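Here the structure comes first, spelled out in structure tokens, and everything after it is commentary.
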Amino acid sequence: MNDTTKFLHMNRRTLLTGAAAMAAAASMWPKAVKAQAAERKFAAALGWTTYDSGRHLQDGFVGAVKELGGELNMTDAGFDARAQSDQIDSLVATKPDALFITPADAVAIAPAVNRAIEAGIPVFCADSAVPGALVTTTSMSSNFGMGQWSCEYICKALGGQGKIARVMLPQNESWDQRTLGMEWTLRAYPGVEIVAEWAFALAGNVTPRQAVDNILTSNPDIDAIWCAWDGAAVEGTLAAKAANREDLILTGIDGGSQAFNYIAGGTPLKLSMAQSFYEMAYSSVFYAHEKLAGKNTPRLVITPTYAVTQDMLTAGIPDDFDVPGRAGELGWTRVL
């Protein structure tokens, strides 16, 4: 059986599942293209590698390069925009064939990203877009949609009536879209009132736990807290338990084993909008190879998001749900 016949006989669901289809396409590259792929040198300037999100992004880059070919040099800025800008400049000086970036503060690093582009290096972003930078491909979730969906969950759980608080993440233009999506949903629920809010700052001294403690002290009668990311939702859940507010509803955005464990345990954290971080990174590497092979690449890739609730975790806590094809095996269906 030749390569083409093997390709046509592959499992159809696998072929049609996100980056699994990319891997299948990569397996069809001519031998000459594969040889070139193996010799390519890539660099990745990661904004962070902490939390489940950072770990899954890192794993996705490493896994994709191992599978599709090339060498990878990575740096971690630890949420420090100045450090990431310096790291981008240093990586550009090594003249990689392509540069991968996960921006924590996209606006602050935009000048460094543009310097990389001006140096003739194709740039691929995962998780967030960089405003004012003409990168080759950005792979990310629908942030506005995740804000809409999670807020809709709260509004329906409250029957369209109640008092809520929100913990926002304005540090990044893409992440701030979640708050805008949340506000859009509230237009359809005039009976749901925001009575308290707090905006997280990476350089600030107040933690999400402290912020939610203060919110619950000042507003003991609130019904729910919408959180722009799972880190705040998890800390908010701890605050709710300390305040004996097991009846509170919290939602988050990101996905990963930590949030899943809280959801599965029947805590106030009821929903996580689980993003496909691994697939974001994987698609960046795939399209870097495509670009270097002279092929067309998409400007924007929207990767799958899953609305994870307790009933989806009865069989266990999956840490690999965002590896291409795994969500389908779990019986999960993307909502965005």
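Just so you know, all these numbers are worked out from the coordinates, no wet-lab data involved. Everything numeric in this text was worked out from a predicted model, so none of it was measured. In this analysis, Cβ positions are derived from the backbone assuming ideal geometry, glycine residues included, and neighbour counts consider all displayed protein chains.
Size descriptors for the chain (Cα atoms only): Rg and Dmax, in that order, 20.8, 70 Å.
Equivalent-ellipsoid semi-axes for region 179-237 (Cα gyration tensor, √(5λ), whole Å, largest first): 21, 15, 10. In order along region 246-259, the phi-based Karplus estimate (6.51 cos²θ - 1.76 cosθ + 1.60, θ = phi - 60°) of 3J(HN,Hα) comes to 5, 7, 5, 10, 10, 10, x, 9, 2, x, x, 4, 5, 5 Hz; Gly and Pro are listed as x. Three semi-axes describe the equivalent ellipsoid of region 142-192; taken as square roots of 5 times the Cα gyration tensor eigenvalues and ordered largest first, they are 20, 10, 8 Å. Counting neighbouring Cβ atoms within 10 Å and putting the fewest first, the residues 278, 287 line up as 287, 278. Cβ crowding within 10 Å, taken as a proxy for footprinting-reagent exposure, orders 180, 91 from fewest neighbours to most as 180, 91. If you count Lys pairs in the chain whose Cα atoms are under 23 Å apart, skipping same-chain pairs closer than 8 places in sequence, the total is 25.
Taking each residue as 0.36 nm, the span from residue 95 to residue 199 lengthens on full extension beyond its C-alpha to C-alpha distance by 33.6 nm. For the chain, averaging the sequence separation of C-alpha pairs within contact (under 8 Å, six or more residues apart) and dividing by the residue count gives a relative contact order of 18 percent.
Dividing the convex hull volume of the Cα atoms of region 114-218 by its residue count, what figure in Å³ per residue is obtained? Value for region 114-218: 113 Å³ per residue.
Against the empirical curve 2.2 N^0.38 Å, the C-alpha radius of gyration of region 176-274 lands at a ratio of 1.03. Of the residues 253, 317, the one with the fewest other Cβ atoms within 10 Å heads the list, and the complete ranking is 317, 253. The packing ranking of peptides 142-154, 70-82, 182-194, 259-271, highest mean first, is 142-154, 259-271, 70-82, 182-194, where packing means the average number of other beta carbon atoms within 10 angstrom of each residue. Working from label points 7 Å from Cα in the Cα-to-Cβ sense, the residue 157 to residue 134 distance is 4.5 nm.
Annotation: amide H of residue 104 within the under-5 Å range of 47, sequence separation 5 or more or interchain, hydrogens built in the peptide plane. Only the Cβ atoms of Lys and Arg (+1) and of Asp and Glu (-1) were treated as charged; on that basis the dipole of the chain about its Cα centre amounts to roughly 940 debye.
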